[in-house]
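Encoded as structure tokens, the structure appears first; notes follow it.
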Amino acid sequence: MHLKAAFATALTASVLLLSACDKEPPMAEPSASISGEASEGAMVQEVPSADASGAASAGLAAGLDMAALKERRDPERLLRFYTNAIRIGDWGDAARAWSLDAQMTPEKLEKEFGGNAGPKVAVGKGDTSGAAGSLYYEAPMVVDFADGRPSRRGTIVLRRVNDVPGASEEQLNWRIERTSTLPQ
């Protein structure tokens, strides 16, 4: 009997260790929340300008999670993809995270985030809600610029169609629908 219990315990521990290997890395360290206090679950991405180069940026570019563009379950996965693309100045891939209706272009993103000193982008934990056959994910967002531009605070909203018959692949995947950030 003791041998079976020991085997079951060892098997359970092995499965837990193996499952931990498949976990995604955290989006970033906890940061100051919009209210200025430490916020658990907030993610911070330091975003260098498009001119930034180096092994770290090249490694991140090679490691962009392109499968996030087909994500249907976890909106935060798309947000990680987006902030990492912004971080390395990959404006084209960052624009792909937006819905077609938003008409986001690489040029618009470069104008917003590019420059000599990249911003820090923090996206907090959001909430999911449903309405009229769609799912929405809304999260607080803070953009702090290191080059003297005013910080921006607001929200980022993702949307996907809620498995409605006849929906296209694009509609079924999470996409950024809009941001509403205001200078502070």
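The values are calculated or read from the model by the stated rules, or taken from the named source; none is laboratory data. Computed from a prediction, not measured in an experiment: that's the story for all the values here. Because the Cβ atoms are built from the backbone with ideal geometry, glycine has one as well, and the counts that use them run over all protein chains shown.
Among residues of region 94-144 being aromatic (Phe, Trp, Tyr) and modelled with pLDDT of 95 or more, the one that is nearest to residue 154 (Cα to Cα) is 137. Taking region 66-171 and the strands (runs of 3 or more DSSP E) fully enclosed by it, the elements with 3 or more residues that are of a type outside the set (Ser, Thr, Tyr) and surrounded by 15 or more Cβ atoms within 10 Å (Cβ to Cβ) are at 120-123, 134-144, 152-161. Within region 64-78, none of the residues are under 15 Å from the mean Cα position of the chain (by Cα) and closer than 18 Å to residue 181 by Cα.
Being polar (S, T, N, Q), surrounded by 16 or more Cβ atoms within 10 Å (Cβ to Cβ) and touching a Pro at 6+ places or on another chain (Cβ under 7 Å) is not true of residue 179.
Table: residues versus (1) of a type in the set (Phe, Trp, Tyr); (2) touching a Gly at 6+ places or on another chain (Cβ under 7 Å); (3) within 22 Å of residue 183 (Cα to Cα).
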| residue | (1), (2), (3) |
| --- | --- |
| 100 | no, no, no |
| 110 | no, no, yes |
| 113 | yes, no, yes |
| 119 | no, no, yes |
| 126 | no, no, yes |
| 129 | no, no, no |
| 140 | no, yes, yes |
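Residue check: residue 170 meets all listed conditions (1) touching a Pro at 6+ places or on another chain (Cβ under 7 Å); (2) under 20 Å from residue 65 (Cα atoms) but one, namely (1).
Among the residues of region 138-184, those that are touching a residue at least 40 places away in the same chain (Cβ under 8 Å) and either farther than 30 Å from residue 115 by Cα or basic (Lys, Arg) (or both) comprise 153, 159, 160, 169, 170, 172, 173, 175, 178.
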